[in-house]
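Asks: Supplied in structure tokens, the structure appears directly below.
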Amino acid sequence: MKSQRWFKSFLLMLFFFSLYARATLTSSDIDATFRAAEQGDPNSEYNVALMYENGQGLTQDFQQAAIWYQKAAQQGHAKAQFNLGFLYDNGTGVQQSFQLAANWYTKAAEQNDPYAQYNLGLMYDSGQGVIADEKQAFQWISKAAKQGHAAAQFLLGNMYASGKGTAKEMPQAIIWYQKSADLGDMNAQFQLGTIYQTGKDIKKNSTKAAELIRKAAEQGHMAAQFNLSLLYQAGDGIEKDLKAAAKWMRKAAEQDNYEAQCNLGVMYAKGLGVLHDDIEAYAWLALSAVNGNQNAIENKEKVASRLTPQKQAEAETLALKYFNLYSKPR
């Protein structure tokens with residue numbers, strides 16, 4: 001289980017203001033908040049920290065944000081404790097310290113903050129900042145999941161599926177995957193979709209599988225995009241549509257999925273769902289071949305044999321363009 005920290009998007013949703021329900025901060029708002037913060041009001045200290053962190057109403061300053069979070073956190077403000085832990089976790093405005101991050105996450109988690117519970121569970125899982133402990137990881141992830149934290153629900157499903165930190169129970173795994181998928185978590189949608197697709201541990205349902213995989217694909221899940229393309233090609237649980245298959249294969253290919261790049265190249269070479277185009281075919285096959293895909297290497301040579309020297313040069317130029325656009329470090 002890899003660390004996946006929550007996160008600025010959540011913090012920004014919380015922002016701003018516990019004291020005001022206004023879209024724009026005025027100078028009097030800021031002054032009043034500072035006065036209350038300087039008098040030791042923890043909510044105001046937290047809000048000052050948020051202003052500094054997000055550069056809203058003040059010049060962005062992560063060091064000042066950390067100082068004000070610390071003031072509120074020391075008074076037991078759970079969200080300030082979580083945010084301070086997050087800053088230590090990432091070394092933002094403070095010297096990075098996983099131990100201090102875990103300390104502040106623990107304080108917030110013990111106050112039932114689901115985001116802190118989730119991050120603390122990840123730290124126990126990885127042994128980062130704390131001694132690795134699968135049971136502690138399971139415990140904290142469970143607490144966050146039961147509060148509706150979608151990513152925690154997905155990871156809890158994984159823990160039940162693998163028997164990590166708890167007994168292996170696929171029915172429980174599926175329950176938590178479903179809860180997470182219902183909240184829109186793309187990883188859970190894809191995982192649950194593949195379970196329905198294979199019919200392992202649940203009654204096979206190709207239509208439901210395609211629906212879930214499509215939802216994940218629409219959120220940018222690379223493997224889901226690749227699988228959705230295959231479903232469209234086969235008409236498995238969804239109406240056969242080669243144009244849609246090519247569209248989703250390209251999306252996966254642009255995320256540097258070398259199998260998708262090879263498949264897309266073949267689709268261009270054969271005119272499947274796209275207009276036949278040997279230059280496009282060569283470029284995608286060359287990109288896949290760079291990653292060592294043997295099928296791509298063989299198909300690239302076949303396409304190359306149909307190209308004139310001029311077209312070959314165009315294809316090489318396009319392949320270089322795609323390499324610069326879509327290749328990611330491995």
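Asks: Only one of these conditions is not met by L183: (1) surrounded by 16 or more Cβ atoms within 10 Å (Cβ to Cβ); (2) within 18 Å of the chain's Cα centre (by Cα). Which number is it?
Replies: If we test L183 against (1) surrounded by 16 or more Cβ atoms within 10 Å (Cβ to Cβ); (2) within 18 Å of the chain's Cα centre (by Cα), just (1) comes out false.
Asks: So, one more: Restricting to region 195-219, what's the tally of residues that are within 16 Å of A252 (Cβ to Cβ), open to solvent by 30 Å² or more (accessible area, probe 1.4 Å) and either assigned to a helix (DSSP H, G or I) or touching a Lys or Arg at 6+ places or on another chain (Cβ under 8 Å) (or both)?
Replies: Within region 195-219, residues that are within 16 Å of A252 (Cβ to Cβ), open to solvent by 30 Å² or more (accessible area, probe 1.4 Å) and either assigned to a helix (DSSP H, G or I) or touching a Lys or Arg at 6+ places or on another chain (Cβ under 8 Å) (or both) number 3.
Asks: Could you list, ordered by first residue, the pairs with Cβ atoms under 7 Å in which the first is in region 98-119 and without any contact (Cβ under 8 Å) to a residue 40 or more places away in the chain and the second is not in a helix (DSSP H, G or I), at least 6 apart or interchain?
Replies: Close Cβ pairs satisfying both conditions: F98/Q128; F98/G129; Q99/G129; A101/G129; A102/G129; A102/V130; P114/Q147; P114/H149.
Asks: If we only count helices (runs of 4 or more DSSP H) wholly inside region 1-89, which ones have 2 or more residues that are open to solvent by 40 Å² or more (accessible area, probe 1.4 Å) and modelled with pLDDT of 75 or more?
Replies: Details: elements: 8-14, 27-38, 42-54, 62-74.
The helices (runs of 4 or more DSSP H) meeting that bar are 27-38, 42-54, 62-74.
Asks: Looking at S44, S97 in this structure, which one is over 26 Å from the mean Cα position of the chain (by Cα) and of a type in the set (S, T, Y)?
Replies: On the way: S97 fails: over 26 Å from the mean Cα position of the chain (by Cα).
After applying the criteria, what remains is S44.
Asks: What tally of residues in region 268-314 results from selecting those that are crowded, with 16+ Cβ neighbours inside 10 Å and of a type in the set (S, T, Y)?
Replies: Total meeting the criteria: 3.
The values are calculated or read from the model by the stated rules, or taken from the named source; none is laboratory data. What you are looking at is a predicted structure, and each value in this text was computed from that prediction instead of being measured. Don't worry about glycine lacking a Cβ; one is built from the backbone with ideal geometry, like all the others, and counts go over all protein chains shown. The accessibility values were calculated without ligands, DNA or RNA, using every heavy atom of the protein model including side chains. Shrake-Rupley method; radii C 1.70, N 1.55, O 1.52, S 1.80 Å.
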